[in-house]
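Trainee: Shown below is the structure under consideration.
The values are calculated or read from the model by the stated rules, or taken from the named source; none is laboratory data. Computed from a predicted structure; not experimentally measured. Neighbour counts are summed over all protein chains in view; Cβ atoms, including those assigned to glycine, are modelled from backbone coordinates with ideal geometry. Protein only, heavy atoms only, side chains kept; ligands, DNA and RNA dropped before computing areas. Shrake-Rupley method; radii C 1.70, N 1.55, O 1.52, S 1.80 Å.
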Amino acid sequence: MADKDRVERLLASMTLEEKLGQLNMIDAGAPPMGEPEMERQLAAGRIGSLLNIHGAERLNRLQKIAMESRLKIPLIFGLDVLHGHRTIFPLPIAEACAFDPELWERTAKASVEETTRAAITLTFAPMLDVCRDPRWGRIAEGPGEDTLVTSRYAEAKVRGFQGKTLREGVAATAKHMGAYGAVAAGRDYGSADISERQLAEVYLPPFEAAVKAGVAAIMPSFNDVSGIPATAHGALLNDLLRAKWGFDGIVVSDYTAVVELIAHGVAGDLVEASALALKSGVDIDMQDEAYVRGLPDALKRGLIVMADIDRAVRRVLTLKERLGLLDDPYASTSAPPLPANNHDALARDAARRSAVLLKNENSVLPLKPDTRRIAVIGPLGDDPLQMFGCWFAAAGMDSATVVRGLRAALPQAEIAHEVGAHIEEPGEAGIAAAVAAARKADVVILCVGEKKEWTGEAQGRGHLGLPGSQRELAEAVLAVCKPTVAIVFAGRPLTLPWLFERADAALAGWFLGSEAGYGIADVLTGAWNPSGKLSVTWPHDVGQIPIFYSHRATGRPAAPNVYYCNRHADLPIEPQFHFGHGLSYTRFAVTKLSATPAEISGDEPVTIEAAVANEGSVAGEETLFLFLRDPVASVARPVLELKDFAKAMLKPGESKTVRFALSRKDLALLGRDLKSCVEPGEFQVFVGGSAERCKLVSATFRYK
Ligand code: BGC
């Protein structure tokens, strides 16, 4: 609990300028007023927080300037720690493929050890934007297409970042509320014109989960939601977030999003923009100085009253109090530095759990221990900087590449490397050498994909193929007809049906972070039996987008050889790979699904049990998904909805029972009036290793 009296005393002693200072967050790496002026404003109490800066000595120096201001209110230091700080873990879309909340929490906790030493007190993570459109570059920063997975990810990350009390962790920011992942055509900052139902069913539950987990901050998204920019969305930020969900933390705008309300066309000038954002529930204004410049006139024009400002300042001071900054503003510089490789083992484990084996034919993987000559070909085979993907503030320049990983794993093998093609620029000069290397090899590891700079913000893509001459390179190498493993590095699914057809094996290598190459080598050699599963449906072609497993039932469902059905005339009905797809070096069988009792009522739970067996010859871990379908309801329901997932580690020949429980709340839907209800009748449950319907086992029960 925050010390409310202390906050109130402080608030009562503040001038308007000092109050607005607390709402003013400035990018210390690019202060709009220049550095000397920034320091002057810090000393005058006109800036309340800084972002994009880290390192205890540097931050303590700035903190000292702020502590010399009249009221000595310390600064919050914010940074994006999307998937690591100094140690970089897999991109969120990749880490989600581990389907492992405990891992998600551990990597956040490990990052906190690094960021608190760097004096960071607020992170702009986790990103919780459900996304079903891989054209959108920021799909890389979130945990994929599913609402339940994103909600579990939210809870795990909030626990990991914040710890039990904020004094021992960093404040987390659930971002970007709302429906940012639904921007039209995947073009960043565009409009998300979606129904209230979709907003409530798909995009908002992860934010509610984060609030329930105690998240300290929320960031509204850049986009408009059906015409109302999220930064000016009082119904979302005041009525839903605060009044209904009970959120009591801070709302921090995205970078210059307040002033952008003018460009959105919902504010006539800076004064209106700042008043609108404040009234809509935005407490901190990031980088555009809209509040310090606009709110004094907004007061004069009567657009806001002092109580509106006080409310926001109170929230900011409360956060500072909860973080312990009012007692101890400085980061310790005497804490022993973390050993250099402290989190490497965790990063390697996260990397191998996040890689997804998409295809494996002709027993090409795992690589035989006596493989002598391996050719690693492609621009992503040995480029350490690329393995990070977007956001890697303090990581330095080095990471483990595939070449490094394989050389360490197979010291007796000859590992040749040819870049073959530039990652992005056309040019076929390197292809001949790559083909020659492939000819000499027993196995080819083809490392292709998009560049890390194409993952993340403002990186919408219209084509999801390989850039530059990488396809020419890949085709030339495949034509050598050596056993070939394709590793696709990307922050999203790439549409490469020709590659998945022709390579013997394919691995989604995403961007797996500092230890990427070691984790991938573990998978390639079988030191780790792959267990990753896709957190997004992988399309064949851009034209299939949006394609996701939990689409609504239609009157004319897609079916092979049916003319008038829900299909494209010129594309397959099925995706390239289903949500949840991911192969192992063993085979699992799921049988004996039961739902008991057969009828439930009230809050009584139904228990769902399935037997899962390892029918292969190596130990392995299977993730089982529990899907629900409500076949008859007042509103057409998705054909499958994920309700839970669980893991089973099985020795060869071993079988286990996996148990799930569903209760009334899991059966709820939004009725025609958009109010939550449970409608009596039959429910179907499906269990299996992916969302591929024909491979799921099913059972039914009734709700009375
Ligand atoms: C991004 C946010 C990020 C902020 C601060 C913005 O451009 O949209 O996700 O937290 O910058 O770095």
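Trainee: Search region 203-230 for residues that are of a type in the set (A, V, I, L, M, F, W, C) and pair each with any residue that is more than 15 Å from the ligand (Cβ to nearest atom) and assigned to a loop (DSSP other than H, G, I, E, B) when their beta-carbon atoms are under 7 Å apart and the residues are at least 6 apart or on different chains.
Mentor: V211/W245; V211/F247; V215/G249; A216/G249; A217/G249; I218/F247; I218/G249; V225/H233
Trainee: Would you point out which residue out of G420, G396, G381 is outside any helix (DSSP H, G or I) and surrounded by fewer than 19 Cβ atoms within 10 Å (Cβ to Cβ)?
Mentor: Working: G420 fails: surrounded by fewer than 19 Cβ atoms within 10 Å (Cβ to Cβ); G381 fails: surrounded by fewer than 19 Cβ atoms within 10 Å (Cβ to Cβ).
Criteria check complete, one pass: G396.
Trainee: Looking at the structure I just gave you, is L71 in contact with a Ser or Thr (Cβ under 7 Å, 6 or more places away or on another chain) and hydrophobic (A, V, I, L, M, F, W, C)? Steps first, answer last, please.
Mentor: Values: in contact with a Ser or Thr (Cβ under 7 Å, 6 or more places away or on another chain): yes; hydrophobic (A, V, I, L, M, F, W, C): yes.
Yes: the conditions hold for L71.
Trainee: Check off (1) within 16 Å of the ligand (Cβ to nearest atom); (2) crowded, with 22+ Cβ neighbours inside 10 Å; (3) within 27 Å of A156 (Cα to Cα) for Y255 and give me the number that stays unchecked.
Mentor: (2)
Trainee: A follow-up question, please. Residues in region 224-249 that are in contact with a strand residue (DSSP E or B) (Cβ under 7 Å, 6 or more places away or on another chain), assigned to a helix (DSSP H, G or I) and more than 16 Å from the ligand (Cβ to nearest atom): how many?
Mentor: Result for region 224-249: 3.
Trainee: Tell me, please, whether a residue that is modelled with pLDDT of 95 or more and not in a loop (DSSP other than H, G, I, E, B) can be found in region 128-135.
Mentor: From region 128-135, those modelled with pLDDT of 95 or more are 128-135; that's our starting set.
Going one step further and asking which of them are not in a loop (DSSP other than H, G, I, E, B), we end up with none.
Scanning region 128-135 turns up no residue that is modelled with pLDDT of 95 or more and not in a loop (DSSP other than H, G, I, E, B).
Trainee: Across region 470-515, what is the number of residues that are over 20 Å from the mean Cα position of the chain (by Cα), within 24 Å of A408 (Cα to Cα) and either modelled with pLDDT under 95 or open to solvent by less than 10 Å² (accessible area, probe 1.4 Å) (or both)?
Mentor: 6
Trainee: Also, I was wondering about something else. Restricting to region 1-50, name every residue that is under 18 Å from V313 (Cα atoms), touching a residue at least 40 places away in the same chain (Cβ under 8 Å) and not in a helix (DSSP H, G or I).
Mentor: A2, D3, S13, M14, L23, N24, M25, I26, R46, G48, S49
Trainee: Something else about it: Only one of these is in contact with a helix residue (DSSP H, G or I) (Cβ under 8 Å, 6 or more places away or on another chain), open to solvent by 20 Å² or more (accessible area, probe 1.4 Å) and more than 16 Å from the ligand (Cβ to nearest atom): R61, R70. Name it. Before you say what the answer is, go through the steps one by one.
Mentor: Details: R61 fails: in contact with a helix residue (DSSP H, G or I) (Cβ under 8 Å, 6 or more places away or on another chain).
Just one listed residue meets the conditions, R70.
Trainee: Still on this structure: Assuming E196 fulfils every condition listed in (1) closer than 26 Å to G21 by Cα; (2) open to solvent by 30 Å² or more (accessible area, probe 1.4 Å); (3) more than 21 Å from the chain's Cα centre (by Cα) apart from one, which condition is it?
Mentor: (1)
Trainee: For region 516-572, which positions are open to solvent by 40 Å² or more (accessible area, probe 1.4 Å) and in contact with a Pro (Cβ under 7 Å, 6 or more places away or on another chain)?
Mentor: Selection gives H540, H551, R552, N566.
Trainee: Hey, T107 hits all of (1) at pLDDT 95 or above; (2) surrounded by fewer than 24 Cβ atoms within 10 Å (Cβ to Cβ); (3) part of a helix (DSSP H, G or I) but one; which does it fall short on?
Mentor: (2)
Trainee: Moving on to the next point. Any residue at all in region 128-142 that's among the basic types (K, R), under 21 Å from Q386 (Cα atoms) and within 13 Å of the ligand (Cβ to nearest atom)?
Mentor: So in region 128-142, the residues among the basic types (K, R) come out as 132, 135, 138.
Restricting the remaining residues to those that are under 21 Å from Q386 (Cα atoms) gives 135, 138.
Next, only the ones that are within 13 Å of the ligand (Cβ to nearest atom) stay: 138.
Yes: region 128-142 contains one or more residues that are among the basic types (K, R), under 21 Å from Q386 (Cα atoms) and within 13 Å of the ligand (Cβ to nearest atom).
Trainee: Still on this structure: Consider R353 carefully, then state whether it is buried (at least 23 other Cβ atoms within 10 Å of the Cβ), more than 19 Å from G449 (Cβ to Cβ) and basic (K, R). I'd like the intermediate steps shown before the answer.
Mentor: On the way: buried (at least 23 other Cβ atoms within 10 Å of the Cβ): yes; more than 19 Å from G449 (Cβ to Cβ): yes; basic (K, R): yes.
For R353, the condition - buried (at least 23 other Cβ atoms within 10 Å of the Cβ), more than 19 Å from G449 (Cβ to Cβ) and basic (K, R) - is met.
Trainee: Which count do you get for residues in region 26-46 that are more than 16 Å from the ligand (Cβ to nearest atom) and not basic (K, R)? Reasoning before the result, please.
Mentor: Filtering region 26-46 down to residues more than 16 Å from the ligand (Cβ to nearest atom) leaves 33-46.
From what is left, the residues that are not basic (K, R) are 33-39, 41-45.
Number of matching residues: 12.
Trainee: Kindly indicate whether S221 is within 16 Å of the ligand (Cβ to nearest atom) and closer than 15 Å to A312 by Cα. Can you show your working first?
Mentor: Values: within 16 Å of the ligand (Cβ to nearest atom): yes; closer than 15 Å to A312 by Cα: no.
No; evaluated as a whole, the condition is false for this residue.
Trainee: Separate question: Among the residues in region 141-156, are any surrounded by fewer than 23 Cβ atoms within 10 Å (Cβ to Cβ), more than 17 Å from the chain's Cα centre (by Cα) and assigned to a helix (DSSP H, G or I)?
Mentor: Checked against the condition, which is being surrounded by fewer than 23 Cβ atoms within 10 Å (Cβ to Cβ), more than 17 Å from the chain's Cα centre (by Cα) and assigned to a helix (DSSP H, G or I), region 141-156 yields no hits at all.
Trainee: Here is a follow-up. Restricting the search to region 204-218, which residues are assigned to a helix (DSSP H, G or I) and either small (G, A, S) or within 16 Å of the ligand (Cβ to nearest atom) (or both)? Reasoning before the result, please.
Mentor: Initial filter on region 204-218 (assigned to a helix (DSSP H, G or I)): 205-212.
Matches in region 204-218: P206, F207, A209, A210.
Trainee: Could you please give the count of residues in region 46-55 that are open to solvent by 10 Å² or more (accessible area, probe 1.4 Å) and either hydroxyl-bearing (S, T, Y) or modelled with pLDDT under 95 (or both)? Spell out how you get there, then give the answer.
Mentor: Keep residues of region 46-55 that are open to solvent by 10 Å² or more (accessible area, probe 1.4 Å), which gives 46, 52, 54-55.
Next cut, either hydroxyl-bearing (S, T, Y) or modelled with pLDDT under 95 (or both) only: 54-55.
The total comes to 2.
Trainee: Just the residues that are within 16 Å of the ligand (Cβ to nearest atom) and in contact with an Asp or Glu (Cβ under 6 Å, 6 or more places away or on another chain), please, taken from region 73-105.
Mentor: If the condition is that a residue be within 16 Å of the ligand (Cβ to nearest atom) and in contact with an Asp or Glu (Cβ under 6 Å, 6 or more places away or on another chain), then L82, H85, P92 are the ones that fit.
Trainee: So, in region 433-475, how many residues would count as being hydroxyl-bearing (S, T, Y) and within 16 Å of the ligand (Cβ to nearest atom)?
Mentor: So the answer is 1.
Trainee: A118 passes all but one of (1) within 16 Å of the ligand (Cβ to nearest atom); (2) modelled with pLDDT of 95 or more; (3) of a type in the set (G, A, S); which number fails?
Mentor: (2)
Trainee: Condition first: under 32 Å from the mean Cα position of the chain (by Cα), more than 17 Å from L642 (Cα to Cα) and hydroxyl-bearing (S, T, Y). Now tell me which residues in region 674-704 satisfy that.
Mentor: Residue satisfying the conditions is S676 alone.
Yes/no per residue for (1) assigned to a loop (DSSP other than H, G, I, E, B); (2) farther than 30 Å from S191 by Cα:
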position	(1), (2)
R407	no, yes
P426	yes, yes
A438	no, yes
P467	yes, no
V485	no, yes
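Trainee: Let me ask something else. Do we have any residue at all in region 284-293 that's within 16 Å of the ligand (Cβ to nearest atom), closer than 18 Å to M25 by Cβ, small (G, A, S) and within 26 Å of the chain's Cα centre (by Cα)? Please lay out each step first, then the result.
Mentor: If we filter region 284-293 for residues that are within 16 Å of the ligand (Cβ to nearest atom), which is where we start, we get 284-290.
Now narrow it down to the ones that are closer than 18 Å to M25 by Cβ: 284-290.
Then keep just the ones that are small (G, A, S); that gives 290.
Going one step further and asking which of them are within 26 Å of the chain's Cα centre (by Cα), we end up with none.
For region 284-293, residues within 16 Å of the ligand (Cβ to nearest atom), closer than 18 Å to M25 by Cβ, small (G, A, S) and within 26 Å of the chain's Cα centre (by Cα): absent.
Trainee: Examine region 551-562 for a residue that is more than 19 Å from the chain's Cα centre (by Cα) and within 30 Å of D100 (Cβ to Cβ), and state whether such a residue exists.
Mentor: Restricting attention to region 551-562, the residues satisfying the condition of being more than 19 Å from the chain's Cα centre (by Cα) are 551-562.
Then drop every residue that is not within 30 Å of D100 (Cβ to Cβ), which leaves 551-552.
So far as region 551-562 goes, yes, one or more of its residues are more than 19 Å from the chain's Cα centre (by Cα) and within 30 Å of D100 (Cβ to Cβ).
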